[in-house]
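Reading through the structure tokens given below for one structure.
The values are calculated or read from the model by the stated rules, or taken from the named source; none is laboratory data. Model, not experiment: these values are computed from the prediction. With ideal geometry, Cβ positions are generated from the backbone for all residues, glycine too; neighbour counts draw on all protein chains shown.
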């Protein structure tokens, strides 16, 4: 117990004193995950909205594959990106292996299925409520998907927050393609694993506290957004049903 208390006290001192090593790792981790989510959101939102309104042969097979990718382990994603970026791989000419860019690419690949699947469900639920009305106004599938996605922008913002939480808390993919190089590719999760194995518990615990705080803030923001939207809809119930009639 004394070891835990001492480590926790030392970890809080590192955080409060703005320890450059700790906060450089935190900044790099947030930058990697943030850029990965920005890169993934374009593909994921477009794919999810398209799947929500499109009807084609083999759609159920595509959805099954998409849902399967949700459970894809991060180490498998790391392995696939490693093979793509290795010297003998198709993207080896980029020279990105063991770099910041490689970690961004790996996390983007990891969260695209999350964004696509949740967007598809959100937009499809909205399509069930408003799709016929939009179709009667002359909106085709593409326009209908775009309008419904915009109408559900608060819910889709929560999707992006969930994707960021998935990215910032994973360790396998960035460990494989980044190499956990001090000062270059070391992020919070890989640093926690390394510092724990080295016995530097205060630094590992400090990084763990910051990581937990980031995830807690994301969940608090999502809860606040849900509450704000529910309150807005309750104050103007007619607007939800009649927004497309105008």
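Things worth noting here:
- Top-ranked residue in segment 22-41 [being under 14 Å from residue 211 (Cβ atoms) and touching a helix residue (DSSP H, G or I) at 6+ places or on another chain (Cβ under 8 Å); ranked as surrounded by the fewest Cβ atoms within 10 Å (Cβ to Cβ)]: 30
- One residue from 66, 46, 105, 38 being farther than 30 Å from residue 141 by Cα and either at pLDDT 90 or above or assigned to a helix (DSSP H, G or I) (or both): 105
- Residues of segment 214-230 satisfying the condition of being out of contact with any helix residue (DSSP H, G or I) (no Cβ under 9 Å at 6 or more places or on another chain) and closer than 18 Å to residue 26 by Cβ: 216, 217
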